[in-house]
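S.K.: For reference, the structure I am asking about is given below.
Nothing in this text is a laboratory measurement; each read-out follows from the coordinates by a stated rule. Predicted, not measured: the structure shown is a model, and the values here were computed from it. All Cβ positions, even for glycine, are placed from backbone atoms using ideal geometry, and neighbour counts span all protein chains on display.
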Amino acid sequence: MIRFLTAGESHGKGLTAIVEGFPSNITLTEEYIENHLKRRQMGYGRGLRMKIESDKAEILSGVRFEKTLGSPISMYIKNSDWENWSDEMATGKKKADFEKISIPRPGHADLVGVQKYNFDDIRNSIERSSARETAARVAACSVARKFLEEFGIKVGSFVESIGGVYDKEKFIDNLFLNNIDENFNAWDLAVGADRSEVRVLDGVHENRIINKIKLAKKNGDTLGGTFFVIASGVPAGLGSFTHYDKKISSDIANSIMSINAVKAVEIGTGFDSANSFGSESHDEITIVNGKLGRRTNRAGGIEGGITTGLPIIVRAAMKPIATLMSPIESVDLSTMNKIVSRRERSDFVAVPACAVIAESMLAWVLADHILQKFGGDSIEETKDNFNSYTSKLNSRLTKNFKKK
Ligand code: EPS
């Protein structure tokens, strides 16, 4: 239903995003997008590049007087660092000789990139595989976020651990136990996390995490971590069990896994559920205040590839950044001799940013499923269809099962 494309190299002129398929009349401003772009740049442990960039998306088309037109929305994010790379990354004729990069960094896309694309310079792999691209994703997915807000659907995230140091905040247990306020809003979580330099909910453990990052920095090393992404206000019935490619759980896993350096994705209690009895794992169905509900939410808001109406709970793991200041073994492709890996400017930790990118990707998947189910060329039409469905959800069941 909806799609987006991103283009741009890390040290090229800039990044472009084209977003297509959203209905008309959604309010969208550059300021709204900028706020999310700023959130993606935050986090203790980012490298010098983040001091150079101050990301802003210029909307080039698809919006008039702050409302979407239903036509493709194109956006442009300038790379401020381009000034330092205009010769080396020129799209035209080569003006000077540059040293070709021939030592691949283990864990990065360097080696597989030169093998696959038949390059003679690792720079060509580095540029597009860089996580700089995720700035364009966050901009593109801001349209999805804004669209979801029209339905009261909010997405937020927080960091659970960095380098094996876990935030001790137990909020997530309450989510799994469905021990949360009926008006729980996932964006409030993000606002709370944004107050922390490492986007954790528990300030006491923030310092322990920062100390671990300081240690990594001192050793010229890097760290990864885990984070949660949550969506609230999601109606029951998005996705389907009727076919493998209609399950919303597979779309979520796919989209989060597509983020640079993400190596694992869990929905609900995921891996932990594999270690427990069924009776401890499944969410009992119950009546709360005369309405159907579930006692717990260990399923993370999805059963049979379909949303249950409870918050969507996704957890993911990001591996440590592959660019290390401390040397590890590699091979110089120009001599085919063993050598220590090349040093390069980079981030030490990007888990807080990764969580913001994951919010964006989850928002995209939810928006896609809302539009698949409810359609509409204008936001008013989509909302009418949405309200008609959600308002009859329970009464239809009661009618269907009523004993004659
Ligand atoms: C990245 C390396 C670093 C990061 C970059 C991703 O950039 P540079 O090589 O210019 O120092 O800062 O992330 C961003 C630029 C960004 O906007 O997130 C990499 O190799 O993936």
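S.K.: Dipole magnitude of the stretch 249-325 about its Cα centre, charges +1 at Lys/Arg Cβ and -1 at Asp/Glu Cβ only, in debye to the nearest 20?
M.R.: The calculation lands at about 180 debye.
S.K.: Moving to a separate point now. If we sort 8-17, 168-177 on the protection proxy, mean other Cβ atoms within 10 Å, highest first, what's the order?
M.R.: 8-17, 168-177
S.K.: Measure out, as a whole number of angstrom, how far apart the alpha-carbon centroids of the stretch 154-168 and the stretch 108-124 sit.
M.R.: If you average the Cα positions of each part, the centres end up 33 Å apart.
S.K.: Using a simple charge model, +1 on the beta-carbon of Lys and Arg, -1 on the beta-carbon of Asp and Glu, nothing else, what dipole does the chain show about its Cα centre, in debye to the nearest 20?
M.R.: 540 debye
S.K.: As I understand it, the dipole of the stretch 3-389 uses +1 on the Cβ of Lys and Arg and -1 on the Cβ of Asp and Glu, about the Cα centre. Which of Asn183, Ala144, Thr134 lies farthest toward its positive end?
M.R.: Checked the options; the winner is Thr134.
S.K.: If you rank Val234, Val112, Val351 by fewest surrounding Cβ atoms within 10 Å, what's the result?
M.R.: If I rank by nearby Cβ atoms, fewest first, I get Val112, Val234, Val351.
S.K.: Have a look at Ala57, Ala109, Ala317 and tell me which one the Gaussian network model of the chain (Cα, springs below 10 Å) gives the largest fluctuation.
M.R.: Answer for the Gaussian network model of the chain: Ala109.
S.K.: Okay, next question. For Ile302, what residues show an amide H to amide H distance below 5 Å, using hydrogens built from the backbone and excluding near sequence neighbours?
M.R.: Here Thr308 satisfy the definition.
S.K.: Along the three principal axes, how long is the stretch 3-389 when you take its alpha carbons, biggest first, rounded to the nearest angstrom?
M.R.: Principal axes ranked by extent give 73, 49, 39 Å for the Cα atoms.
S.K.: Taking the chain as a Gaussian network, where each spring joins two C-alpha atoms under 10 Å apart, which residue of Gly152, Gly62, Gly43 fluctuates the most?
M.R.: Maximum among the listed residues: Gly152.
S.K.: Okay, moving on. Please tell me the relative contact order of the chain in percent, rounded to the nearest whole number, where contacts are Cα pairs under 8 Å and at least six residues apart.
M.R.: Across the chain, relative contact order equals 22 percent.
S.K.: Hey, what number do you get for the chain at 222 nm if only DSSP H runs of n ≥ 4 count, each worth -39500 (n - 2.57), divided across all residues, to the nearest 500?
M.R.: For the chain, the value works out to -11000 deg cm²/dmol.
S.K.: Okay, moving on. Which of the listed residues, Ile52, Met336, Tyr244, is farthest toward the dipole's positive end in the chain, when Lys, Arg count +1 and Asp, Glu count -1 at the beta-carbon?
M.R.: Farthest along the dipole direction, towards plus: Tyr244.
S.K.: Please identify the DSSP H helices in the chain that span no less than 27 Å along the helix axis (Cα) and have a mean Kyte-Doolittle hydropathy of -1.0 or more.
M.R.: Helices meeting the span and hydropathy rule in the chain are 351-374.
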